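Asks: Supplied in C-alpha cells, the structure appears directly below.
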Amino acid sequence: MKVLMANIEDVMREAAARWTLVAYFFLSTIFILIFASAINLDIVDGALAGAKLFGKQVEVSGTMSIEKLVMGFESGFSGVLYVLCTFLAIFATAHLVPRMQEKGTIDLYLSRPVSRVKLILSRYLAGLILAGSNVLYLIGSIWMIVAWKTHVLHPRFFLAGAIILFLIATLLAFAFLIGVVTSSTAVSIMATYGVFFFGVMLAGHARIEAALSKEWQAMGIKLLYWIMPKTAELATAVVGFVAGPQVNNEILKVTAAPFVSTAIFGFVCLALASWLFQRKEF
C-alpha cells in the first residue's frame with residue numbers, strides 16, 4: 001500500500017510539475033463551459049417547447065417529453081465523450097513509463113526496495129486514477145449541467161464513464177508496453193492512437209474479408225479483428241448502455257465478446273510490459 005501511495009503521489013507531482021495536470025483539466029473545463037453555454041432549452045410543463053444550439057434556434061415539432069430528450073441527448077453525447085476522454089487520457093498518461101526510464105529517474109526508482117513488477121503496476125494504477133478522475137470530472141459535470149437545465153436525473157449516463165475507463169485501461173496497458181520497449185513518449189502516443197483507429201477500421205472486417213482474393217488473407221484479417229481492442233463496438237456499447245434497458249439488452253448480446261477480447265488484449269499487454277521491464281537492463 002505504501003508503494004502504491006508513493007507512486008500515486010509521484011505521478012501527480014510529476015504531472016503538476018510538468019503542467020500536464022493543469023493542461024489536462026483546463027482542456028476539460030473549456031469543453032464543459034462550451035457545452036454549458038451552447039445549449040438553451042425552453043421547457044413548459046415538463047415538455048420541450050423550444051431549443052437553441054450554439055445560438056441557433058432548433059425546430060421542435062409539437063412538444064417532446066423532456067425525459068426522452070435527456071435520454072437521447074445523453075446517449076448521443078456519450079459517444080463524443082468516449083473519444084474525447086480516451087484521447088485526453090492517452091495524451092496525459094503515455095509518458096509515465098518513458099519518463100520513468102530516463103537516466104537518473106530510473107536509478108532512483110530501482111534503488112528502492114520494491115520489485116520492478118510492483119513498480120510498473122503501481123505506476124499503471126496511478127495513471128488510471130489520473131485518467132479516471134478526469135473522466136469523472138467530465139461525465140459528472142455534463143450530468144449536473146443537464147440536470148440543472150432539465151431537472152431530470154439520468155444516472156445511466158455514468159455507465160458511459162465505466163466503459164470509457166475500461167477502454168482507457170486497455171489502451172494504457174498497450175502504451176506501457178510500447179513505452180517499455182521504446183522508452184519514447186511520442187511513439188507510445190502514436191502507436192496507441194493507431195491501435196484505436198485500427199480497431200475502428202477492423203469493425204468492418206467482414207467486408208474487408210469478402211474483398212480479399214485469398215483465404216489466408218481473410219483469416220489474417222479475422223484474427224487481427226479478435227486480437228485488437230474493439231474500439232468501435234465499445235463506442236456502440238457506450239451509447240446503448242446509456243440509452244436505456246431495451247437498447248441495453250440488445251447491445252449486450254453484441255458486445256459481450258468484444259468486451260472479453262478487449263480485456264484479454266489489455267491483460268496480455270500489461271503482463272508483457274511487466275515481464276520486459278523486469279528483464280530490461282538500465
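Asks: ILE139 - would you say it is surrounded by 16 or more Cβ atoms within 10 Å (Cβ to Cβ), free of Cβ contacts under 8 Å to residues at least 60 places away in the same chain and of a type in the set (A, V, I, L, M)? Spell out the reasoning first.
Replies: Details: surrounded by 16 or more Cβ atoms within 10 Å (Cβ to Cβ): yes; free of Cβ contacts under 8 Å to residues at least 60 places away in the same chain: yes; of a type in the set (A, V, I, L, M): yes.
So ILE139 fits the description; yes.
Asks: Report yes if some residue within the stretch 95-105 is within 18 Å of VAL22 (Cβ to Cβ), at pLDDT below 90 and not hydrophobic (A, V, I, L, M, F, W, C); otherwise report no.
Replies: yes
Asks: Give the residue that is farthest from LEU130 (Cα to Cα), with candidates limited to residues of the stretch 87-112 that are surrounded by fewer than 17 Cβ atoms within 10 Å (Cβ to Cβ) and among the hydroxyl-bearing types (Ser, Thr, Tyr).
Replies: Step by step, filter the stretch 87-112, then rank; the result is SER111.
Asks: Moving on to the next point. Count, please, the residues in the stretch 179-215 that happen to be in contact (Cβ under 8 Å) with a residue 40 or more places away in the chain and either in contact with a helix residue (DSSP H, G or I) (Cβ under 6 Å, 6 or more places away or on another chain) or buried (at least 18 other Cβ atoms within 10 Å of the Cβ) (or both).
Replies: Narrowing the stretch 179-215 to residues in contact (Cβ under 8 Å) with a residue 40 or more places away in the chain: 179-185, 188-189, 192-193, 196.
Still in the running and either in contact with a helix residue (DSSP H, G or I) (Cβ under 6 Å, 6 or more places away or on another chain) or buried (at least 18 other Cβ atoms within 10 Å of the Cβ) (or both): 179-180, 183-185, 188-189, 192, 196.
Count: 9.
Residue-wise test of (1) small (Gly, Ala, Ser); (2) under 23 Å from PRO98 (Cα atoms).
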position	(1), (2)
PHE174	no, yes
GLY179	yes, yes
THR182	no, yes
MET190	no, yes
VAL195	no, yes
VAL200	no, no
ALA218	yes, no
LYS222	no, no
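Here is a yes/no grid of residues against (1) of a type in the set (Val, Ile, Thr); (2) at pLDDT below 95; (3) in contact with a Phe, Trp or Tyr (Cβ under 6 Å, 6 or more places away or on another chain); (4) in a loop (DSSP other than H, G, I, E, B):
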{"position": "VAL239", "(1), (2), (3), (4)": "yes, yes, no, no"}
{"position": "VAL242", "(1), (2), (3), (4)": "yes, yes, yes, no"}
{"position": "ILE251", "(1), (2), (3), (4)": "yes, yes, no, no"}
{"position": "PHE265", "(1), (2), (3), (4)": "no, no, no, no"}
{"position": "PHE277", "(1), (2), (3), (4)": "no, yes, no, no"}
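Asks: Right, next: Taking the residues in the stretch 217-239 that are in contact with a Ser or Thr (Cβ under 8 Å, 6 or more places away or on another chain) and among the charged types (D, E, K, R) as candidates, determine which candidate is surrounded by the most Cβ atoms within 10 Å (Cβ to Cβ).
Replies: LYS230
Asks: What about PRO155, is it outside any helix (DSSP H, G or I), surrounded by fewer than 16 Cβ atoms within 10 Å (Cβ to Cβ) and not small (Gly, Ala, Ser)?
Replies: Criteria met by PRO155.
Asks: Separate question: Report yes if SER122 is polar (S, T, N, Q) and loosely packed, with under 14 Cβ neighbours inside 10 Å, otherwise no. Quick ask: steps written out before the conclusion?
Replies: On the way: polar (S, T, N, Q): yes; loosely packed, with under 14 Cβ neighbours inside 10 Å: no.
It is false that SER122 is polar (S, T, N, Q) and loosely packed, with under 14 Cβ neighbours inside 10 Å.
Asks: Then there's this: Among (1) under 25 Å from GLN278 (Cβ atoms); (2) in a helix (DSSP H, G or I); (3) modelled with pLDDT under 90, there is one condition ILE145 misses while meeting the rest; what is its number?
Replies: (1)
Each row is one residue, and each column tells you yes or no for (1) under 17 Å from VAL11 (Cβ atoms); (2) of a type in the set (Lys, Arg); (3) in contact with a helix residue (DSSP H, G or I) (Cβ under 6 Å, 6 or more places away or on another chain); (4) modelled with pLDDT of 90 or more.
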{"site": "ASP107", "(1), (2), (3), (4)": "no, no, no, no"}
{"site": "SER115", "(1), (2), (3), (4)": "no, no, no, no"}
{"site": "ALA126", "(1), (2), (3), (4)": "yes, no, yes, no"}
{"site": "ARG156", "(1), (2), (3), (4)": "no, yes, yes, no"}
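Asks: Can you name the residue in the stretch 1-35 that is of a type in the set (A, V, I, L, M, F, W, C) and over 22 Å from the mean Cα position of the chain (by Cα) and is also modelled with the highest pLDDT among such residues? Break it down into steps so the answer makes sense when it comes.
Replies: Let us first name the residues in the stretch 1-35 that are of a type in the set (A, V, I, L, M, F, W, C), namely 1, 3-6, 8, 11-12, 15-17, 19, 21-23, 25-27, 30-35.
Subsequent filtering for residues that are over 22 Å from the mean Cα position of the chain (by Cα) retains 1, 3-6, 17.
Values: MET1: 65, VAL3: 62, LEU4: 66, MET5: 74, ALA6: 71, ALA17: 66.
Within the stretch 1-35, the match that is modelled with the highest pLDDT is MET5.
The values are calculated or read from the model by the stated rules, or taken from the named source; none is laboratory data. Remember, it's a predicted structure, so these values are computed and weren't measured experimentally. When we count neighbours, we look across all protein chains shown, and the Cβ atoms used for this are built from the backbone with ideal geometry, even at glycine.
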